[in-house]
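**Q** Below you will find the structure I want to go over with you.
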Amino acid sequence: MVFFQSLLSILLVLHPSPLFECDGEPLTATIRNNLNGDFALVKDLDKIDEGSFVVLEWKDLSLMLPISFQVSEISFTDKKWLWSYKDQTNGLHIDKPRLAQLLPRGEIIEYQCSLPS
């Protein structure tokens, strides 16, 4: 059983789902590399390059967030919105990625995201 759980976690690490629910609404996350201008679709987080970005389709929003370049993180941000699969506080959390919004007065809204039920 432990072997199966380890194998499953490795597969999830390599291939996160593009479909999530955030605050009860469906969200689609599409990651693309663009270092060479090819806009290649990325399904493996280990294959993200310096030109990558994520497109989030959620509610009536369409966001394109560039990679954040934070050491030991897998996150994308435009300094107003953040989409993260791995951070220093929570470690790897691809089944519950972080979606956060920075408001003009400095408040941060955290949206609860997870795999669809």
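The values are calculated or read from the model by the stated rules, or taken from the named source; none is laboratory data. Computed from a predicted structure; not experimentally measured. Reconstructed Cβ throughout: ideal geometry from the backbone, glycine too, with neighbour counts over all protein chains shown.
**Q** Between residues in segment 17-31 that are farther than 8 Å from Pro116 by Cβ and in contact (Cβ under 8 Å) with a residue 12 or more places away in the chain and residues that are surrounded by 15 or more Cβ atoms within 10 Å (Cβ to Cβ) and among the acidic types (Asp, Glu), which pairs lie under 8 Å by C-beta distance while being six or more apart or on different chains?
**A** Note: pairs meeting the criteria are Leu27/Glu21.
**Q** How many of the residues making up segment 58-68 are of a type outside the set (Gly, Ala, Ser) and buried (at least 16 other Cβ atoms within 10 Å of the Cβ)?
**A** Within segment 58-68, the first condition is being of a type outside the set (Gly, Ala, Ser), and the residues that meet it are 58-61, 63-67.
Pick out the ones that are also buried (at least 16 other Cβ atoms within 10 Å of the Cβ) and you get 58, 63, 65, 67.
Adding up the residues that qualify gives 4.
**Q** Report yes if some residue within segment 45-57 is crowded, with 16+ Cβ neighbours inside 10 Å, of a type in the set (Val, Ile, Thr) and farther than 18 Å from His15 by Cβ; otherwise report no.
**A** Checked against the condition, which is being crowded, with 16+ Cβ neighbours inside 10 Å, of a type in the set (Val, Ile, Thr) and farther than 18 Å from His15 by Cβ, segment 45-57 yields no hits at all.
**Q** Could you say whether any residue in segment 56-68 is among the hydrophobic types (A, V, I, L, M, F, W, C) and modelled with pLDDT under 95?
**A** Step one: of segment 56-68, the residues among the hydrophobic types (A, V, I, L, M, F, W, C) are 56, 58, 61, 63-65, 67.
Checking the rest, the ones that are also modelled with pLDDT under 95 come to none.
For segment 56-68, residues among the hydrophobic types (A, V, I, L, M, F, W, C) and modelled with pLDDT under 95: absent.
**Q** Where in segment 29-117 are there strands (runs of 3 or more DSSP E), lying wholly inside it, with at least 1 residues that are among the small types (Gly, Ala, Ser)? Step through it out loud before you land on a result.
**A** Numbers: elements: 40-42, 53-58, 61-66, 74-77, 81-87, 98-102, 108-111.
In segment 29-117, 40-42, 61-66, 74-77, 81-87, 98-102 are the strands (runs of 3 or more DSSP E) which contain 1 or more residues that are among the small types (Gly, Ala, Ser).
**Q** Turning to a different aspect of this structure: When residues of segment 82-100 are filtered for being more than 14 Å from the chain's Cα centre (by Cα) and either surrounded by 14 or more Cβ atoms within 10 Å (Cβ to Cβ) or closer than 17 Å to Trp58 by Cα (or both), how many remain? Lay out the reasoning, then the answer.
**A** Going through segment 82-100, the residues more than 14 Å from the chain's Cα centre (by Cα) turn out to be 88-89.
Imposing the further condition that a residue be either surrounded by 14 or more Cβ atoms within 10 Å (Cβ to Cβ) or closer than 17 Å to Trp58 by Cα (or both) reduces the set to none.
Residues that pass the stated criteria total 0.
**Q** Still on this structure, I have one more. Would you confirm whether any residue within segment 27-44 is modelled with pLDDT of 90 or more, surrounded by 15 or more Cβ atoms within 10 Å (Cβ to Cβ), under 14 Å from the mean Cα position of the chain (by Cα) and closer than 18 Å to Tyr111 by Cβ?
**A** Yes; the residues of segment 27-44 include at least one that is modelled with pLDDT of 90 or more, surrounded by 15 or more Cβ atoms within 10 Å (Cβ to Cβ), under 14 Å from the mean Cα position of the chain (by Cα) and closer than 18 Å to Tyr111 by Cβ.
**Q** Restricting to segment 102-113, count the residues that are within 23 Å of Leu92 (Cβ to Cβ) and out of contact with any strand residue (DSSP E or B) (no Cβ under 6 Å at 6 or more places or on another chain).
**A** Of the residues in segment 102-113, 1 are within 23 Å of Leu92 (Cβ to Cβ) and out of contact with any strand residue (DSSP E or B) (no Cβ under 6 Å at 6 or more places or on another chain).
**Q** Answer yes or no as to whether Ser75 is buried (at least 16 other Cβ atoms within 10 Å of the Cβ), in contact with a Leu (Cβ under 9 Å, 6 or more places away or on another chain) and more than 24 Å from Gly24 (Cβ to Cβ). Explain how you work it out, then say what you get.
**A** On the way: buried (at least 16 other Cβ atoms within 10 Å of the Cβ): yes; in contact with a Leu (Cβ under 9 Å, 6 or more places away or on another chain): yes; more than 24 Å from Gly24 (Cβ to Cβ): no.
Criteria not met by Ser75.
**Q** Just give me the residues in segment 103-117 being in contact with a Ser or Thr (Cβ under 9 Å, 6 or more places away or on another chain) and surrounded by 14 or more Cβ atoms within 10 Å (Cβ to Cβ), in sequence order. Break it down stepwise before answering.
**A** Step one: of segment 103-117, the residues in contact with a Ser or Thr (Cβ under 9 Å, 6 or more places away or on another chain) are 115-116.
Correct list: Leu115 only.
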